[in-house]
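Peer 1: Let me give you the structure first, and then I'll get to my questions.
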Protein chains: 2
Amino acid sequence: MNYQRVYNFSAGPAMMPEAVLEEIRGEMMNYRDTGMCVMEMSHRSKAFIQIAQQAEADLRELMGIPDNYKVLFIQGGGTLQFSMVPMNLMKNGRAGYFETGAWSEKAIAEAKKCGQVDLLASSRDAGFTYIPDCSKLNIPQDCDYLYLCQNETINGVTWNTLPDAQGHVLVSDQSSMFLSRPCRVTDFGLIWAGVQKNVGPAGMTIVILREDLLRGRLDPQIPVYLDYQAHADQESMYNTPNCWAIYCCGKVFQHLKKMGGLCEMERRNQEKAKVLYDFLDQSSLFHGTARQQDRSLMNVCFRADSDERDTQVVSQAKAQGFDNLKGHRSIGGLRASIYNAMPKEGVEALVDFLRQFEKEA
Amino acid sequence: MNYQRVYNFSAGPAMMPEAVLEEIRGEMMNYRDTGMCVMEMSHRSKAFIQIAQQAEADLRELMGIPDNYKVLFIQGGGTLQFSMVPMNLMKNGRAGYFETGAWSEKAIAEAKKCGQVDLLASSRDAGFTYIPDCSKLNIPQDCDYLYLCQNETINGVTWNTLPDAQGHVLVSDQSSMFLSRPCRVTDFGLIWAGVQKNVGPAGMTIVILREDLLRGRLDPQIPVYLDYQAHADQESMYNTPNCWAIYCCGKVFQHLKKMGGLCEMERRNQEKAKVLYDFLDQSSLFHGTARQQDRSLMNVCFRADSDERDTQVVSQAKAQGFDNLKGHRSIGGLRASIYNAMPKEGVEALVDFLRQFEKEA
């Protein structure tokens, strides 16, 4: 079949592997002789439970998730996780947060509704363009957990070294770098990720949670949907989950395994990002905006020498098949999100375009 | 392309129109020259916003939703709506509920976390097999709203006549009969429906809400995701919505318009249900379990003369391409869910099968 696909640099929802989309298309009218599409399957049917269990098993294998961690599929996006984390993990009513951009800011706002938030470090002073120094953290003893957003999409900064949690439980929002590189799960008490950036379609978060952090059902006044225990007790089927997202993410997990797993993804992602950052570092027109040692491999933020020029880049790029290069509306500029599913050829083609643009500017 | 589809009688997720699935398949690799699948689109892109706006416009047209009602697309399923309704609509901290089955029971349990629940009527005494008499309701003046589940899937009963709300705001869970027949939206202050039964893929609820019931942002202690106002202010894009479900539901709305709208759906649904109920009413082996005048057009619950026979029916039916005839695990028996997307031929074929089974029994 013929179709023309663009290089889509959206920060999310974002590109999915073409091979995965083709497989999904092939199963659309009749999934493996069930006589139905996965969208039509009862979530309690054998066929669907097999899909969900396989997806979880493949994710466990990819990330090396130990048996004492639960894997949950929950709706409501990052916004609901901003609330669920403090509602479920605050025992002393106190937690430490790292403020490194818009996503950690939002998490802090929701956590403050549940208890005391100690701001452990912030990069607000320079517009969140770097990861703050965490060598001398002052962490109150009774903090229930420490929370960070491991990759901030808007300014394109990432935690390359985790802060010393001093024995506290570490919670990470990995939405925009999930499965982009190996992850030592035991470094964390809880990892969550919205899947719409680096994995599959919007509408689901994956929560990886150390079992001992579950302490039975929450305060009975709390809505049952917001209780990790309720989801864990029913293996993410307390109510009907986003079955389609589980299916699509499962396909991507299989695809990543075939590609060689997370070490291979890291190698590819480093290689891809280097193509773009190397260009930016020698360009006389463009420059990267994040501090060099904190640069994200996923979201490359940059600018030309003026806002007008940035706008020209976006529109000329779009005409040539490079979509969604506009920076986040809150800060402007340019941004190329190059998640797992962006092929190296896409980044190389973008650099060719930018080089040509610079020449003609 | 060749494919063998089964008649899927699942209570949800459930059948979708074959023509819709084919259209989705056709757009999988390249949606209308965007060069990407809808799953890959930024929810803020022009292409996706157009999809979402068209879906809302088509739903408004189908149901005749007046301008003073908001249409919201929210994740978290019915379970989250059980909580969001009382959190958002209780001003006096008091509401009246009708208890007609498992889904209204669950709604009541969540509402009790937010305030006082007055049980206005119940059919618990006969295992929720009928809709209670509501001719002499005793409704406390200060109830903020009255809540009912308009079609209960487990026992297959439906409200054919709405109770007299005596001037109170009526809230309806229409999940399992949404778009199956015309609906006078102005009878309700709020209608919500999980889409995975009668419309599209699981992972989204549609909330139709009279604007004057929004009273600004809620108590700032409440998680922002649970605030209808937050969703309404951003036209369901406070955070990334379930874009895929919006797209698929939009396709179904278009399909229903082409079919002739909700009057035509009601005609077809009545015709379909009659085929099955007429058979049950004359059968010497099978009998319907819901009270005749309260029978659901969507979920036809019935039994043979023993549990063993029911089990035989389920397995023999499956072998012949009739899937998911098992009654809900909480009550057993048999159930054929015959939502909009089930063709009349499917019901006729099922009746032929049941007739043959009866003959051989």
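The values are calculated or read from the model by the stated rules, or taken from the named source; none is laboratory data. Predicted model only: the values in this text are computed from it and were never measured. FYI the Cβ positions are ideal-geometry reconstructions off the backbone, even for glycines, and counts take in every protein chain you see. The accessibility values were calculated without ligands, DNA or RNA, using every heavy atom of the protein model including side chains. Shrake-Rupley method; radii C 1.70, N 1.55, O 1.52, S 1.80 Å.
Peer 1: Suppose accessible area is computed on protein heavy atoms with a 1.4 Å probe; arrange A:Asp305, A:Asp133 from highest to lowest.
Peer 2: Values: A:Asp305 95, A:Asp133 120 Å².
My answer, sorted largest first, is A:Asp133, A:Asp305.
Peer 1: Computed FRET efficiency, Cβ-Cβ of A:Glu23 and A:Arg355, R0 35 Å: what is it to the nearest 0.05?
Peer 2: On the way: r = 35 Å, r/R0 = 1.01.
So the FRET efficiency works out to roughly 0.50.
Peer 1: Please state the relative contact order of the stretch B:290-361 as a whole percent: Cα pairs under 8 Å, 6+ residues apart?
Peer 2: 32 percent
Peer 1: Right, something else. Where does the protein assembly as shown land at 222 nm, in deg cm²/dmol rounded to the nearest 500, when only DSSP H runs of n ≥ 4 count, each adding -39500 (n - 2.57), divided by all residues?
Peer 2: Working: 18 runs with 250 residues, N = 722.
Computed ellipticity for the protein assembly as shown at 222 nm equals -11000 deg cm²/dmol.
Peer 1: Can you spot the lysines whose alpha carbon is less than 25 Å from A:Lys359's alpha carbon? Ignore those fewer than 8 places along the same chain.
Peer 2: Straight-distance partners of A:Lys359: A:Lys272, A:Lys274, A:Lys318, A:Lys326, A:Lys344.
Peer 1: Taking a label point 7 Å out from Cα toward Cβ, give me the nm distances from A:Gln282 to the same spot in the other copies, shortest first, one decimal.
Peer 2: Those separations, rounded to one decimal, come out as 8.5 nm.
Peer 1: Shifting gears a bit: Size of the dipole of the protein assembly as shown about the Cα centre, Lys and Arg at +1 and Asp and Glu at -1 on the beta carbon, nothing else charged, in debye to 20? Could you put the intermediate results ahead of the total?
Peer 2: Values: 76 positive and 88 negative charges, 36 e Å.
In debye, rounded to 20, the protein assembly as shown gives about 180.
Peer 1: When only DSSP loop residues count, what trypsin sites (Lys or Arg not before Pro) in the stretch B:320-353 have their Cβ near at most 15 other Cβ atoms within 10 Å?
Peer 2: Details: sites: B:Lys326, B:Arg329, B:Arg335, B:Lys344; in loops: B:Arg329.
Counting only loop positions with at most 15 other Cβ atoms within 10 Å, the trypsin sites (Lys or Arg not before Pro) in the stretch B:320-353 are B:Arg329.
Peer 1: List the trypsin sites (Lys or Arg not before Pro) within the stretch B:122-213 that DSSP assigns to loop and that have no more than 10 neighbouring Cβ atoms inside 10 Å.
Peer 2: Values: sites: B:Arg124, B:Lys136, B:Arg184, B:Lys197, B:Arg210; in loops: B:Lys136, B:Arg184, B:Lys197.
Answer by residue number: B:Lys136, B:Arg184.
Peer 1: Which of rounded, prolate or oblate describes the stretch A:57-193 when judged by the alpha-carbon gyration tensor and an a/c cut-off of 1.5?
Peer 2: Working: a/c = 1.40, a/b = 1.21, b/c = 1.16.
The shape class here is rounded.
Peer 1: Kindly identify the stretch B:227-351 as rounded, prolate or oblate by the Cα gyration tensor criterion: order the square roots of the eigenvalues as a ≥ b ≥ c, call it rounded if a/c is under 1.5, otherwise compare a/b with b/c, prolate if a/b is larger, else oblate. Walk me through the numbers before you get to the answer.
Peer 2: On the way: a/c = 2.35, a/b = 1.88, b/c = 1.25.
It comes out prolate by the Cα gyration axes.
Peer 1: Over the protein assembly as shown, what is the percentage of antiparallel beta bridges among all DSSP beta bridges, to the nearest 5? Could the numbers behind the result be given before it?
Peer 2: Numbers: 42 of 76 bridges.
If I count the DSSP bridges inside the protein assembly as shown, around 55 percent turn out antiparallel.
Peer 1: Can you give the average number of partner chain beta-carbon atoms within 10 Å of each beta-carbon in peptide B:30-37, as a whole number? Present the calculation step by step, with values, prior to reporting the outcome.
Peer 2: Working: counts 7, 1, 0, 3, 5, 8, 13, 12.
Going residue by residue through B:30-37 and averaging, the value is 6.
Peer 1: Now for a separate question. Would you calculate the separation in nanometres between label points at B:Gln320 and A:Gln53, each defined as 7 Å from the Cα along the Cα-to-beta-carbon direction?
Peer 2: Computed distance between label sites B:Gln320 and A:Gln53 equals 3.0 nm.
Peer 1: Which whole-number percent is the relative contact order of chain A (Cα, under 8 Å, 6+ apart)? Kindly include the intermediate steps, with their values, before the conclusion.
Peer 2: On the way: 654 pairs, mean separation 81.4, N = 361.
RCO, chain A: 23 percent.
Peer 1: Kindly identify the stretch B:37-87 as rounded, prolate or oblate by the Cα gyration tensor criterion: order the square roots of the eigenvalues as a ≥ b ≥ c, call it rounded if a/c is under 1.5, otherwise compare a/b with b/c, prolate if a/b is larger, else oblate.
Peer 2: Values: a/c = 2.65, a/b = 1.27, b/c = 2.09.
Here the stretch B:37-87 falls in the oblate category.
Peer 1: If you don't mind, there's one more thing I want to ask. Please give the per residue volume of the convex hull enclosing the alpha carbon atoms of the protein assembly as shown, rounded to a whole number of Å³. It would help to have the intermediate numbers written out before the result.
Peer 2: Details: hull volume 111.5 nm³, N = 722.
It is 154 Å³ per residue.
Peer 1: What whole-number value in Å² describes the accessible area per residue of chain B for a 1.4 Å probe? Intermediate results must be reported in sequence, preceding the final value.
Peer 2: Numbers: 13670 Å² over 361 residues.
With all protein chains present, chain B gives 38 Å² per residue.
Peer 1: Label position 7 Å from Cα toward Cβ: report the copy-to-copy distances for A:Gln312 in nm, one decimal, ordered from shortest.
Peer 2: So the distances to the same position in the other copies read 8.2 nm.
Peer 1: Let me ask something else about it. List the trypsin sites (Lys or Arg not before Pro) in the stretch B:1-75 that DSSP assigns to loop (not H, G, I, E or B) and whose Cβ has at most 16 other Cβ atoms within 10 Å. Which are they? Kindly include the intermediate steps, with their values, before the conclusion.
Peer 2: Numbers: sites: B:Arg5, B:Arg25, B:Arg32, B:Arg44, B:Lys46, B:Arg60, B:Lys70; in loops: B:Arg5, B:Arg32, B:Arg44.
Counting only loop positions with at most 16 other Cβ atoms within 10 Å, the trypsin sites (Lys or Arg not before Pro) in the stretch B:1-75 are B:Arg32, B:Arg44.
Peer 1: Return the value, in Å² to the nearest 100, of accessible area buried between chains A and B (probe 1.4 Å, both sides summed). It would help to have the intermediate numbers written out before the result.
Peer 2: Working: alone 16120 and 16130 Å², together 27320 Å².
Chains A and B together bury approximately 4900 Å².
Peer 1: For the stretch A:114-131, in order, what is each residue's ³J(HN,Hα) by Karplus, 6.51 cos²θ - 1.76 cosθ + 1.60 with θ = phi - 60°, in whole Hz (x at glycine and Pro)?
Peer 2: These are the phi-based 3J(HN,Hα) values: 9, x, 7, 10, 9, 7, 7, 6, 8, 10, 4, 4, 10, x, 6, 9, 8, 9 Hz.
Peer 1: Still on this structure: Tell me the accessible surface of A:Asp212 in square angstrom (1.4 angstrom probe, heavy atoms of protein chains only), to the nearest ten.
Peer 2: 90 Å²
Peer 1: Then there is this: Let me check the size of chain B from its C-alpha atoms; what are the radius of gyration and Dmax in Å?
Peer 2: 20.9, 65
Peer 1: Out of the DSSP beta bridges found with both residues in chain B, what percent are antiparallel (nearest 5)? Intermediate values should be presented prior to the final figure.
Peer 2: Values: 21 of 38 bridges.
About 55 percent, rounded to the nearest 5.
Peer 1: Round to a whole number: what % of the accessible area of the stretch B:226-361 belongs to carbon and sulfur, probe 1.4 Å? List each step's numbers first, then the result.
Peer 2: Values: 2590 of 5760 Å².
Ligands and nucleic acids excluded, carbon and sulfur give 45 percent.
Peer 1: A further question follows. Would you mind computing, in nm to one decimal, how far apart the modelled labels at B:Asp278 and B:Glu266 are, each placed 7 Å from Cα along Cα→Cβ?
Peer 2: According to this spin-label approximation, the distance is 2.1 nm.
Peer 1: Another one. Partner chain Cβ atoms within 10 Å, averaged over the residues of A:73-81 - can you pull that number for me?
Peer 2: Working: counts 0, 2, 12, 10, 8, 3, 9, 8, 1.
Partner Cβ neighbours, averaged per residue: 6.
Peer 1: Under 15 Å from the Cβ of B:Lys136, count the other residues' Cβ atoms, weight Lys and Arg +1, Asp and Glu -1, and hand me the total.
Peer 2: Working: positive: none; negative: B:Asp118, B:Asp133, B:Asp164.
Net local charge, B:Lys136 excluded: -3.
Peer 1: Can you figure out the FRET efficiency of A:Asp142 with B:Glu211, using R₀ = 41 Å and their beta-carbon distance, to the nearest 0.05?
Peer 2: Values: r = 45 Å, r/R0 = 1.09.
Rounded to the nearest 0.05, the efficiency is 0.40.
Peer 1: While we're on this one: Using the Cα centre as the reference, give the magnitude of the dipole from point charges on the C-beta atoms of the stretch B:20-258 (Lys, Arg: +1; Asp, Glu: -1; all else neutral), rounded to the nearest 20 debye. Each step should come with its number before you reach the end.
Peer 2: On the way: 22 positive and 27 negative charges, 40 e Å.
The dipole of the stretch B:20-258 has a size of about 200 debye.
Peer 1: A further question follows. Taking the label point as lying 7 angstrom from Cα along the Cα-to-Cβ axis, what are the distances from B:Lys258 to the corresponding position in the remaining copies, in ascending order and in nanometres?
Peer 2: 3.2
Peer 1: Okay, next question. Using a cut-off of 28 Å between alpha-carbon atoms, which lysines can reach B:Lys112, once sequence neighbours fewer than 8 places away in the same chain are excluded?
Peer 2: B:Lys112 reaches A:Lys91, A:Lys112, A:Lys113, B:Lys70, B:Lys91, B:Lys136, B:Lys197.
Peer 1: Roughly speaking, what is the centre-to-centre gap between the stretch A:122-166 and the stretch B:210-265 when only Cα atoms are used, to the nearest Å?
Peer 2: About 35 Å separates the Cα centre of the stretch A:122-166 from the one of the stretch B:210-265.
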